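First up is the structure itself, then whatever we jot down about it.
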Amino acid sequence: MSLDQNINNELKEAMLSKNEVKVRTIKAIKAAFLLAKTEKGATGEITAEQEIKILQKLYNQRKESFEIFSKENRPELAVKEKEEMEMIASYLPKQMNDEELTTIVQAVITETGASSIKDMGKVIGAVTKKVAGQAEGARISALVKSLLGA
């Protein structure tokens, strides 16, 4: 069963159990999926990779909002964003730990023959494909930068 179908089933369950946070979050996910399916040039279907990218984008938006609301002393809004972040994270693949990510980055550096910071884009692109949503882009970027000696 695809994530899209799974989310539809979970929305029904959340509505029946009157779980407001889950209903609100799943509706936001469904809306993002629908936009991706119907945008110009779309085929009407989205791949598992696209689903993960959409979820990561939604997660990052909530994280950014949470940080802003926390800094601006708006705890009622920060709590909502935190709840949605946690719900979205439950649909994302398990995140890699630093050791696993370092191993993959070092392997890609060796494979691509990267030797300087100029090769950073090539390495990040290859690593991002390999980890498929199991590590945030910022983590990958920082690790590649440190390993290439910047």
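The values are calculated or read from the model by the stated rules, or taken from the named source; none is laboratory data. Small disclaimer: the values here were computed from a predicted structure and weren't measured. Please note: Cβ atoms are built from the backbone with ideal geometry, for glycine as well, and neighbour counts cover all protein chains shown.
Remarks
- The number of residues in segment 20-48 being among the hydroxyl-bearing types (Ser, Thr, Tyr) and exposed (fewer than 11 other Cβ atoms within 10 Å of the Cβ) comes to 2.
- When segment 28-57 is filtered for residues that are in contact with a helix residue (DSSP H, G or I) (Cβ under 8 Å, 6 or more places away or on another chain) and of a type in the set (Lys, Arg), the ones remaining, listed by number, are 30, 57.
- Residue pairs whose Cβ atoms lie under 6 Å apart, separated by 6 or more positions or on different chains, with the first residue in segment 31-56 and in contact (Cβ under 8 Å) with a residue 40 or more places away in the chain and the second in a helix (DSSP H, G or I), are 46/36; 46/37; 51/3; 55/88.
- Unmet requirement for residue 74, which otherwise passes all of (1) more than 21 Å from the chain's Cα centre (by Cα); (2) surrounded by 14 or more Cβ atoms within 10 Å (Cβ to Cβ); (3) not assigned by TED's automatic domain parsing to the domain that holds residue 35: (3)
- For segment 50-58, the count of residues that are part of a loop (DSSP other than H, G, I, E, B) and more than 30 Å from residue 148 (Cβ to Cβ) is zero.
- Each residue in segment 49-70 was checked for being exposed (fewer than 14 other Cβ atoms within 10 Å of the Cβ) and within 15 Å of residue 87 (Cα to Cα), and 1 of them qualify.
- Residue 73 meets the conditions (1) in a loop (DSSP other than H, G, I, E, B); (2) of a type outside the set (Gly, Ala, Ser); (3) under 17 Å from residue 28 (Cα atoms); (4) at pLDDT 90 or above in every case but one. The failed one is (3).
- Qualifying positions in segment 7-19 - outside any loop (DSSP other than H, G, I, E, B) and either exposed (fewer than 11 other Cβ atoms within 10 Å of the Cβ) or not acidic (Asp, Glu) (or both): 7, 8, 9, 11, 12, 14, 15, 16
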